[in-house]
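Data first, discussion second: the structure below is written as structure tokens.
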There are 4 protein chains.
Amino acid sequence: MSERSQLRDAVCDANRALVAHGLVTLTWGNVSGITPSRDIVAIKPSGVPYERLRPHDIVLVDLEGRIVEGDLRPSTDTPTHLALYRAWPEVGGVTHTHSPYATMFAQARTPIPCLGTTHADHFAGDVPVTRQLTPEEVDAGYEAQTGLLILECFRHRDRSRVPAVLLPGHAPFVWGVTAAKSLENAVALEAIAHLAHGTLALGPHVPIEPHILHKHQSRKHGAGAYYGQAT
Amino acid sequence: MSERSQLRDAVCDANRALVAHGLVTLTWGNVSGITPSRDIVAIKPSGVPYERLRPHDIVLVDLEGRIVEGDLRPSTDTPTHLALYRAWPEVGGVTHTHSPYATMFAQARTPIPCLGTTHADHFAGDVPVTRQLTPEEVDAGYEAQTGLLILECFRHRDRSRVPAVLLPGHAPFVWGVTAAKSLENAVALEAIAHLAHGTLALGPHVPIEPHILHKHQSRKHGAGAYYGQAT
Amino acid sequence: MSERSQLRDAVCDANRALVAHGLVTLTWGNVSGITPSRDIVAIKPSGVPYERLRPHDIVLVDLEGRIVEGDLRPSTDTPTHLALYRAWPEVGGVTHTHSPYATMFAQARTPIPCLGTTHADHFAGDVPVTRQLTPEEVDAGYEAQTGLLILECFRHRDRSRVPAVLLPGHAPFVWGVTAAKSLENAVALEAIAHLAHGTLALGPHVPIEPHILHKHQSRKHGAGAYYGQAT
Amino acid sequence: MSERSQLRDAVCDANRALVAHGLVTLTWGNVSGITPSRDIVAIKPSGVPYERLRPHDIVLVDLEGRIVEGDLRPSTDTPTHLALYRAWPEVGGVTHTHSPYATMFAQARTPIPCLGTTHADHFAGDVPVTRQLTPEEVDAGYEAQTGLLILECFRHRDRSRVPAVLLPGHAPFVWGVTAAKSLENAVALEAIAHLAHGTLALGPHVPIEPHILHKHQSRKHGAGAYYGQAT
């Protein structure tokens, strides 16, 4: 199967899985992926229900957002996805949802605090909130500027160890080495947002101890990782 | 297929979809639609379970509430629906539910504040709460007076940009250009009520900035909209 | 079909429906019903999973709790059910669950306040909490004394208009004219407990106005009721 | 069927049931069981999705953690499970999840208070939180030390009457006489954590009275138990 055809299948599957994981209402979410040669991005078409989505509906665009293949309009959020692919060469997939608990933190404009090992297994510290776009930035191209805002927020952060961000008053963007991995991170983000939300309701929060955070990151990621199966 | 038959099918589908979207418990909700010629309203029969509902069960009434076709009693809320159709010529569908989070705001008698872009995509500002009916109004015809109350509340509001309202101590009414669209707005209302409820639990709320609200409204609705597929 | 056989089927169906309505975890709930001649009560066997439950598993007991038909032990809560049947001649079915939100109010020892029309449609006022049993009462027969406690609580309340009660630190008991109707009331109770719980999180509560409560009760119950279909 | 083969089936079933009971997200949970002769422990392989899990995937290890049968790596939490089996001869199954409400209490570092009979039916008092591991303990072998921490916490507690514990900033471990029974206790733990969480939101909590706690424990467990069917 061709590189493009494989990508279209993977991106279609990941978009449909948004529903199975309870991350989307109506058509509020989209997943994209990029080819290994990093010249073509596959993304969900705008406003199409997930249950009707087929691989040939997935839109292929180049890194400037020009349609390369596909009869439908790509997601309105495409310029945000592209900004991440252009700047971050190791990112192979991006997921955007309005999943409830992550979105509550985005609306409260509060980072998701790292309160436990579930969080530490997936995100090495708080999930940050960007600043808000100015009116001028919105006029200059809302979706592309949103992408730049995320890059700005991660200029001094480790995007591989915290592969998610909250847009204030909006919702999360999440990434990974593949479309499927970005989806998995979006599932983890929603779960740890739910845990943090319910933990904060029980009293003042206690951040996870650094030695526990480090242990959970290192047993799952990096050189000495021993979680999962050898590949 | 005749205009009436098409409407009956569409209204039956929308009522059954209330269950799939998790908006109803027992028989607490109803959807109606009106013919393009605006002389016949199709509505759910009162107290009939959704899973048993078939198109021929849908009751057809005229704008005064007289049964035109159907063996069953129409929903007790029919006079509320009719008041909206008589006054608002562009409204083609009305949905009433007791969906949990929207109803919590109705019971708290608190408008649903516009805290994010999810809300702004569907409702251009807070979803208002009407005043309560007086005992005299209840005696004068509870359900019809409820309709008038909604009209009163929207006398100085834009019903196209905020297509939903909360009745204090009761629940929401939602509308749209078709029965299906009113249902979609009811799904969006419940989701944004859930988001707002969980956001308020995290701290003092920050309303969405006007320039972001305007951007989300305009990219999805109106002349320059670019969300979804060209039609 | 014989009276007993019909009752066994109806009670089996109602017990299995506890799962479909999300009212039970593990085997924490039971529904019973009584024959029209009021000599035989059919009830769930103790500790049997709902998905394995068949009509012939339902245990038939007399009003003193002696097994009339059935190979299994009846629910440990049987004496509580029997106390209600003996004292309340119009009650034909009883449902006991530990459904989450109703149980939260029971554990908080707080009546479920009547905050809206959803509540008023099913319960004409707050759902009360009984006092706690004394150690002496527990020693005298925990389950039978629990029944007497419910009767005591309703000595000056209208059990037909508020067909549910909370046991402090325990969970609800709900009743109705049939097993199916007691189940429906248990579904309604859990839904209005959820609504009240989420409403109280939004601010100081406002009880529903008496004229609205009365209107909702009277349009659904009693002589002038016009909700549902004529029978 | 051989003892090992039976155990593998039972442990596979219990792991798959984690999904059905809503206790796990992604691969965040594992169940193990031990043979009656207490020489072989069967446990989930690390990082394998539940829906793909088959009995032959279950890993068999000895009490020192050496693989006896199986092509896959055992769960990274295996040393924690083994510590419990080595010290507690009557424990036949262990379940570890990050189920939401139990994990919220673990993250809040708050014992789950015994607020009602649902809790008392399964756990005879508060579910405790252990102390946190020191950096030295983490370095000495995180998962094995976690097991010792649980043993330390139960040195002066009754592990048969409170078969669950919370690890601070982490999640619960639960046990029982078989793998299936430890799973059932994990289901009960999540349910009572949900009830406690929602009860605490309603006001200051009232612990269940000792005479009610004792009654619920004794009618379900021990010599005079009369809940369930005779065996």
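Quick note: the coordinates plus some simple rules give every number you see, no bench work behind them. Here the structure is a predicted model, which is why all the values come from computation and not from measurement. All Cβ positions, even for glycine, are placed from backbone atoms using ideal geometry, and neighbour counts span all protein chains on display.
Quick notes on this one:
- Under 26 Å from B:Lys220, Cα to Cα: lysines that are on another chain or at least 8 residues apart: A:Lys44, B:Lys181
- Shape class of the protein assembly as shown from the Cα gyration tensor (axes a ≥ b ≥ c, square roots of the eigenvalues): oblate, since a/c reaches 1.5 or more and a/b does not exceed b/c.
- Exam field: D:Ala144 pseudo-label spacings to other copies (7 Å along Cα-Cβ), nanometres: 5.9, 5.9, 8.3
- In plain terms, chain A is cut at each of the GluC sites (Glu not before Pro) found in a DSSP loop with at most 11 other Cβ atoms within 10 Å, and the longest leftover piece is A:91-231.
- Among residues of chain B, the one whose Cβ lies closest to the rotation axis carrying chain B onto chain A, together with that distance rounded to whole Å, is B:Ala201, 5.
- Tail beyond 29 Å, pair distance distribution of the range B:3-220 (Cα, percent): 23 percent
- Distances in nm from A:Arg16 to the matching label points in the other copies, shortest first (labels 7 Å along Cα to Cβ): 2.2, 2.2, 3.2
- Centroid-to-centroid separation of the range A:159-217 and the range A:2-25 [C-alpha atoms, Å]: 21 Å
- Expressed per residue, the C-alpha convex hull volume of the range B:36-121 stands at 148 Å³.
- Spin-label model, B:Ala223/D:Glu51: points 7 Å from Cα along the beta carbon direction are separated by 4.8 nm.
- Cα-based Rg / Dmax (Å) for the range A:129-231: 16.5, 50
- For the range A:171-231, the Cα gyration tensor yields ellipsoid semi-axes of 24, 19, 9 Å (square root of five times each eigenvalue, largest first, whole Å).
- Of the trypsin sites (Lys or Arg not before Pro) in the range B:89-155, those whose Cβ has at most 14 other Cβ within 10 Å and which sit in DSSP loop: B:Arg131, B:Arg155
- Here, P(r) means the percent of Cα pairs in each 5 Å bin from 0 to the largest distance; for the range B:106-148 it is 5, 20, 19, 15, 16, 11, 9, 4, 0.
- Distance between the C-alpha centres of the range A:80-117 and the range C:68-99: 52 Å, rounded to the whole angstrom.
- The sum of -39500 (n - 2.57) across all DSSP H runs of n ≥ 4, divided by the residue count of the protein assembly as shown, sets its helix-only mean residue ellipticity at 222 nm to -12500 deg cm²/dmol.
- Pseudo-label separations to other copies for C:Pro204 - Cα-to-Cβ vector, 7 Å, nm: 2.0, 2.0, 2.8
- Within chain C, the whole DSSP H helices whose Cα atoms reach 30 Å or more along their own axis and whose mean Kyte-Doolittle score is at least 0.0 are C:179-200.
- Qualifying trypsin sites (Lys or Arg not before Pro) for the range D:48-100 [loop in DSSP, other Cβ within 10 Å: at most 11]: D:Arg66
- Ordering of C:196-207, C:26-37 by burial proxy (mean other Cβ atoms within 10 Å per residue, highest first): C:26-37, C:196-207
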